[in-house]
Amino acid sequence: MLDLFLKQSCLLCASHQGGKLGLCDTCLHDLPWHDALQCPQCGLLSNGLLCGSCLNATPSFDATQALFTYDYPLDRLLQHYKYKESLPLANTFAALWLDKKSSTISDSQNKKPEIDLIIPMPMHNERLKQRGFNQALEIARLISKHMQIKLDYTSCIRTKLTPPQASLPLKERIKNIRGVFQCNKNIQGLNIALVDDVMTTGASLNELAKTLKQAGAAHVECWVIARTLPKPY
């Protein structure tokens, strides 16, 4: 009887089979996993080789690893996490990301540089006061602890308060984010993983990677929970 009362409900279907992650097996299976052949640099769908966008305008980051495609119902879970202070979901997202990473290691992935440092997407102090927590940092803490890779959330800061990227047209996002980051640490020759919840156009992650490369980073890759894909017309 005690077992029955302590069972966690699934966040999506409300069954009593949520388990430790708050999602039942069926709902987990039905999430929009980002498993299709994709560009190794930006994560957009391709034939597994560099996409045209990366060939035409090489990003400052070197690789992208995404867990999900930003689509229903994963988008609702991330919004609930960010805007409803549902902090236990940080554990869900981190655990799923780590599980997928460990299960997709291949010979080609082993050739990637070993990561020296994890940096979560910085949040401006005013935005942090409004939200109460940095959603990228909470996920990065758990990934850092499990992988035993140093976490640094103080050396790289966001110096300008700008409108949220999601509120802007795609063409305005690059201009909005330009020059907003500052790195106050010697990271010469380090291989860095940037952790964020969602990668949409990649403008924020690209600007942060650019700042880190200018500060001496040798390799920068993006570890994100979800990757937004262009909508078919």
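Values computed for the structure shown
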| read-out | value |
| --- | --- |
| Tilt relative to the chain, helix 203-214 - C-alpha long axis, 0 to 90 degrees, to 10 | 50 |
| Listed values (i) 12.2; (ii) 21.0; (iii) 14.0, entry calculated as mean projected area of the Cα convex hull in nm² | (iii) |
| Heavy-atom accessible surface of the chain: percent carbon and sulfur, 1.4 Å | 53 |
| Pairs beyond 18 Å (Cα-Cα), from Lys7/Lys101; Lys84/Lys129; Lys82/Lys175; Lys7/Lys84 | Lys7/Lys101; Lys82/Lys175; Lys7/Lys84 |
| 0 to 90° range, to nearest 10: angle between helix 135-147 axis and the chain longest Cα axis | 80 |
| Total charge dipole magnitude, segment 14-127, about the Cα centre, Cβ charges on Lys, Arg, Asp, Glu only, Debye to nearest 20 | 140 |
| Under 19 Å from the Cα of Lys100 - lysines, other chains or at least 8 residues apart | Lys20, Lys111, Lys112, Lys145 |
| Nearest-0.05 FRET efficiency for Glu114 and Asn186, computed from C-beta distance (R0 22 Å) | 0.70 |
| Cα gyration tensor, segment 1-67 - rounded (a/c under 1.5), prolate or oblate | prolate |
| Fraction of antiparallel bridges per DSSP, the chain only, in percent to nearest 5 | 20 |
| Sequence of Glu221, Glu85 from largest to smallest accessible area, 1.4 Å probe | Glu85, Glu221 |
| Percentage relative contact order, segment 190-233, counting C-alpha pairs under 8 Å, at least six apart | 57 |
| Placed amide H near Ile187: partners under 5 Å, 5+ positions off or other chain | none |
| The chain - accessible surface per residue (Å², probe 1.4 Å) | 55 |
| Dipole magnitude of the chain, debye to nearest 20 (Cβ charges: Lys/Arg +1, Asp/Glu -1, about Cα centre) | 740 |
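The values are calculated or read from the model by the stated rules, or taken from the named source; none is laboratory data. Quantities reported herein were computed from a predicted structural model and do not represent experimental measurements. Reconstructed Cβ throughout: ideal geometry from the backbone, glycine too, with neighbour counts over all protein chains shown. Just so you know, the surface numbers come from the protein's heavy atoms only, side chains and all, with ligands and any DNA or RNA stripped out. Shrake-Rupley method; radii C 1.70, N 1.55, O 1.52, S 1.80 Å.
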